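Participant: Have a look at this one.
The values are calculated or read from the model by the stated rules, or taken from the named source; none is laboratory data. These numbers come from a predicted model, not from an experiment. Cβ atoms come from the backbone with ideal geometry, glycine included; neighbour counts cover every protein chain shown. With ligands, DNA and RNA removed, areas are computed over all heavy atoms of the protein, side chains included. Shrake-Rupley method; radii C 1.70, N 1.55, O 1.52, S 1.80 Å.
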Amino acid sequence: MKYLVMVQGSQADYEAMRGTASAQSPAWSEKDLQAMFAFMGEVNNDLSESGELVDGQGLAEPALTRYVTVDKDGRPVITDGPYGETKELLAGYWVLDCESLERVTEIAARVAQCPIPEGAPDYPVVIRPILDGGGDGC
């Protein structure tokens with residue numbers, strides 16, 4: 001079964017990682033960033049070696065996103081980010097091919113243990129099964 005494992009974040013989190021503190025998060029140091037990248041590198045290497053990694057990417061900050069909808073006449077309406085009404089957005093993801101929900105939950109729990117600076121918010125890790133085309137979710 002394939003799963004999408006997502007790490008959530010906010011614009012303030014990206015800014016904190018660039019060294020700008022906010023009420024939501026302290027500024028990250030170079031050492032903090034190196035620890036995070038080393039941890040995620042180990043996770044990626046282990047998933048690649050186990051054959052469970054299909055794809056994984058970090059995503060650009062919300063300020064670089066674009067939200068596309070249509071108006072009542074069917075014309076595109078494009079809004080550049082970030083979006084104040086959205087507290088958390090997708091910061092990065094993995095597509096994993098795992099034997100069970102229990103196994104992918106173990107991986108998500110490991111990702112949730114990524115080192116962060118003291119006082120930084122917890123970064124949720126969300127698991128979503130990828131439908132196989134049958135539409136039943138299994």
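Participant: Would you point out the residue of the range 65-81, among those that are outside any strand (DSSP E or B) and of a type in the set (Lys, Arg), that is farthest from residue 37 (Cα to Cα)?
Facilitator: Kept after step one, since they are outside any strand (DSSP E or B), are these residues of the range 65-81: 65, 71-75, 81.
Retained after the next criterion (residues that are of a type in the set (Lys, Arg)): 72, 75.
Values: 72: 44, 75: 41 Å.
For the range 65-81, the residue satisfying everything is 72.
Participant: In addition: List every residue pair whose Cβ atoms lie under 8 Å apart, where the two residues are 6 or more positions apart in sequence or sit on different chains, the first residue falls within the range 92-110 and is closer than 9 Å to residue 1 by Cβ and touching a residue at least 60 places away in the same chain (Cβ under 8 Å), and the second residue, located anywhere, is open to solvent by less than 10 Å² (accessible area, probe 1.4 Å) and assigned to a loop (DSSP other than H, G, I, E, B).
Facilitator: 104/98
Participant: For the range 19-41, name all the residues that are under 22 Å from residue 90 (Cβ atoms), at pLDDT 95 or above, surrounded by fewer than 19 Cβ atoms within 10 Å (Cβ to Cβ) and of a type outside the set (Gly, Ala, Ser).
Facilitator: 20, 33, 36, 37, 39, 40
Participant: Right, next: For residues that are open to solvent by 60 Å² or more (accessible area, probe 1.4 Å), of a type outside the set (Val, Ile, Thr) and outside any loop (DSSP other than H, G, I, E, B), tally how many sit in the range 42-64.
Facilitator: Of the residues in the range 42-64, 9 are open to solvent by 60 Å² or more (accessible area, probe 1.4 Å), of a type outside the set (Val, Ile, Thr) and outside any loop (DSSP other than H, G, I, E, B).
Participant: Additional query: Within the range 85-117, how many residues turn out to be aliphatic (A, V, I, L, M) and over 16 Å from the mean Cα position of the chain (by Cα)? Don't jump to the end; show me each part of the working.
Facilitator: As a first pass, look at the range 85-117 and keep what is aliphatic (A, V, I, L, M): 89-91, 95-96, 101, 104, 107-109, 111-112, 116.
So of that shortlist, the ones also over 16 Å from the mean Cα position of the chain (by Cα) come out as 101.
Qualifying residue count, the range 85-117: 1.
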